[in-house]
1. How many residues are more than 15 Å from the ligand (Cβ to nearest atom), closer than 20 Å to residue 123 by Cα and assigned to a strand (DSSP E or B) if we restrict to the stretch 138-195?
2. Within the stretch 102-117, does at least one residue satisfy the condition of being in contact with a strand residue (DSSP E or B) (Cβ under 9 Å, 6 or more places away or on another chain), acidic (Asp, Glu) and within 21 Å of residue 157 (Cα to Cα)?
3. Does at least one position in the stretch 97-109 carry a residue that is in the same structural domain as residue 133 (by TED's automatic domain parsing), closer than 30 Å to residue 263 by Cα and surrounded by fewer than 18 Cβ atoms within 10 Å (Cβ to Cβ)?
4. Hey, does the stretch 254-267 have a residue that's assigned to a loop (DSSP other than H, G, I, E, B), touching a helix residue (DSSP H, G or I) at 6+ places or on another chain (Cβ under 8 Å), within 25 Å of residue 364 (Cβ to Cβ) and outside the structural domain of residue 41 (by TED's automatic domain parsing)?
5. Only one of (1) crowded, with 24+ Cβ neighbours inside 10 Å; (2) free of Cβ contacts under 8 Å to residues at least 60 places away in the same chain; (3) not polar (S, T, N, Q) fails for residue 92. Which number is that?
6. Tell me, which strands (runs of 3 or more DSSP E) lie completely within the stretch 66-137 with 2 or more residues that are among the β-branched types (Val, Ile, Thr)?
7. Inside the stretch 334-370, can you point out the residues that are touching a Lys or Arg at 6+ places or on another chain (Cβ under 9 Å) and assigned to a loop (DSSP other than H, G, I, E, B)?
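The values are calculated or read from the model by the stated rules, or taken from the named source; none is laboratory data. Model, not experiment: these values are computed from the prediction. Here the Cβ positions follow ideal geometry from the backbone for every residue, glycine too, while neighbour counts run over all protein chains shown.
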Amino acid sequence: MNEIPFLKPSFPSRDELSTSYQDLLECGIFSNDGPASTEFIEGICNFVQTTPEHVSLVASATSGIELALQALDISASRAHVLVASFTFPAGPLALRRQGLRPLFIDIDSETWQPDIHEARRVIESRKFKITAILLTNTFGTANDEIEEWEQLAGEYALKLVVDSAAGFGSQSPSGERIGNNGDCEIFSFHATKTLAIGEGGAVISKHAEVINRIDSLKNFGFDGHRMTTLMGTNAKLSELSCKIGVLQLEKLIPQIEVRRLIFERYRNHLAPLGCKFQKNAGLSALPFVSAVVPKQQHRRHAVEALKVRGITSREYYNPPVHQHPFFASEVNSGLPVSNDVASRIISLPTYLDLQPQQIDFICGVLQQVVIT
Ligand SMILES: Cc1ncc(COP(=O)(O)O)c(C=O)c1O
């Protein structure tokens, strides 16, 4: 059997890109929100049902989260922000870089999403000065308690920033595409994401004035006269990246369908072995498939058994962020569910031309590990 990588980004071919590149050369605009950016934003708006004044393209989801915090005026207050530890470090890092303090909460054992009951308990304990919630959509999957989170944030006048980095194309159980939640919702278009352009991201906000501020912040804090009026930076997305985004958007729906078939095949094999899958994962954009194996030692053996057969797997998000040295001092509680899920999770190869027999082979390896 040939090697099976974990991911294989799918990008437009040279021929597919050549017309777009020629357009760019003729137009002569390569950055600063030119026509390609307008086109990409229009595509995003059609996809998530919003309008251009509610979208800002940024250099990465990480910079998008930082700029959203800054534009919502919650940075530099040294206040705490609730965030799940079972996530990628980007969000907690963005908090720290904006002068905020992550207050880690646990996840729910079935959805692997931040635990709203713990969030409420921490807020109501009044032990911390909390200014916002950074709600991470685990693996980009829609949070089916989003209305409750909006309500909790509203009740305590907290800002709600939704990190949906891996979720462009994910749907809620009612079929709606995610993107318009919280005060800001942020997506990543990193090469490993389902909508991949290399590096890039988008912030969507129901508050057009917040998007205006982000547009200024990402461009050196300039006002309309190119005078710096805010503590800005450079976090713009290039026009070539936007052109790639336009082409990628055209293929996104059928590609998500393929990913969902891959997910179903994994689940059909592995669920009978006692492996657990994230609730609503089958409705998500599925940059990769993750399963929780019954016992911790199964994961270790599975990773090794796959590796010797040339198959690469990952352990997202292991360790959870509170176990990373930089964040080790910020733990609020034991976070038992995060620790348990992280100790048993395995993320499996997922890419468009992964063949059914390759999935069967991978699952056969896992089966041997789990039943012996
Ligand atoms: C939950 C989460 N947030 C943020 C990011 C960072 O995205 P980017 O690489 O676009 O900065 C990632 C990246 O995988 C992520 O998984």
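1. The qualifying residues number 2.
2. Yes - at least one qualifying residue is present in the stretch 102-117.
3. In the first step, residues of the stretch 97-109 are kept if they are in the same structural domain as residue 133 (by TED's automatic domain parsing); the result is 97-109.
This time we only want the ones that are closer than 30 Å to residue 263 by Cα, so: 104-109.
In the following step, the residues that additionally are surrounded by fewer than 18 Cβ atoms within 10 Å (Cβ to Cβ) were identified as 109.
Yes: one or more hits.
4. Scanning the stretch 254-267 turns up no residue that is assigned to a loop (DSSP other than H, G, I, E, B), touching a helix residue (DSSP H, G or I) at 6+ places or on another chain (Cβ under 8 Å), within 25 Å of residue 364 (Cβ to Cβ) and outside the structural domain of residue 41 (by TED's automatic domain parsing).
5. The number of the failed condition is (2).
6. Where strands (runs of 3 or more DSSP E) fall fully within the stretch 66-137 and carry at least 2 residues being among the β-branched types (Val, Ile, Thr), they are 80-84, 130-136.
7. Scanning the stretch 334-370 gives 349, 350, 351, 352, 353, 354.
Residues checked against (1) of a type in the set (Lys, Arg); (2) within 20 Å of the chain's Cα centre (by Cα):
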| position | (1), (2) |
| --- | --- |
| 278 | no, yes |
| 306 | no, no |
| 314 | yes, yes |
| 319 | no, yes |
